[in-house]
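This report concerns only the one structure given below.
The values are calculated or read from the model by the stated rules, or taken from the named source; none is laboratory data. Because the structure is predicted, anything quoted here is derived from the model rather than measured. Positions of Cβ are backbone-derived with ideal geometry, glycine not excepted, and every protein chain shown enters the neighbour counts.
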Amino acid sequence: MTVPSSLLIVLEVRRPCFTAPSFTTMAALVTGMLSGNGPRTVTGMWQAAGLAGKAHWSRAHRFFSRAVWDLDQVGLALARAVVARFVHRGAAVTLAVDDTLFHRYGRRSTARSTSTTALPKDATASGAATAS
């Protein structure tokens, strides 16, 4: 697996968040996610990274189920790097997050098909506007 040097520069800010083997696996999965045109599954990212048949696919799944790393620590490391590079010191930062590209499937998936805009049953009776 070859991680493009331009991508490796971005991934390097996250290296302290992982062990050496976990960082290698994470770099492969990110490369596969960005370069693949198939499904955005763990196995799909592994295949798009060119590792199918070269390294066992369970390594990618173990990265998410057993590897020791903290998602908050990874996110903060990336956020700090982006702010340091693109935001002037003392400037305000507005952040918008959209995870609609990462579809969730299965009974146990959290945040699947949830809505936070439901009206109470008697919303029209209480004078609330109806959705059209």
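Worth pointing out:
- Flag for ASP99 being modelled with pLDDT of 80 or more, under 16 Å from the mean Cα position of the chain (by Cα) and loosely packed, with under 12 Cβ neighbours inside 10 Å: no
- Scanning region 23-80 for residues that are among the aliphatic types (A, V, I, L, M), surrounded by 12 or more Cβ atoms within 10 Å (Cβ to Cβ) and more than 14 Å from LEU11 (Cα to Cα) turns up VAL42, MET45, ALA48, ALA49, LEU51, ALA52, ALA55, ALA60, ALA67.
- Residue match in region 6-19 (condition: surrounded by fewer than 15 Cβ atoms within 10 Å (Cβ to Cβ) and in a loop (DSSP other than H, G, I, E, B)): yes
- Complete set of residues in region 34-85 that are touching a residue at least 60 places away in the same chain (Cβ under 8 Å) and either of a type in the set (Gly, Ala, Ser) or touching a Cys at 6+ places or on another chain (Cβ under 6 Å) (or both): VAL74, ALA77, ALA81
- Among (1) closer than 23 Å to ALA84 by Cα; (2) under 15 Å from the mean Cα position of the chain (by Cα), the one test that ILE9 misses: (2)
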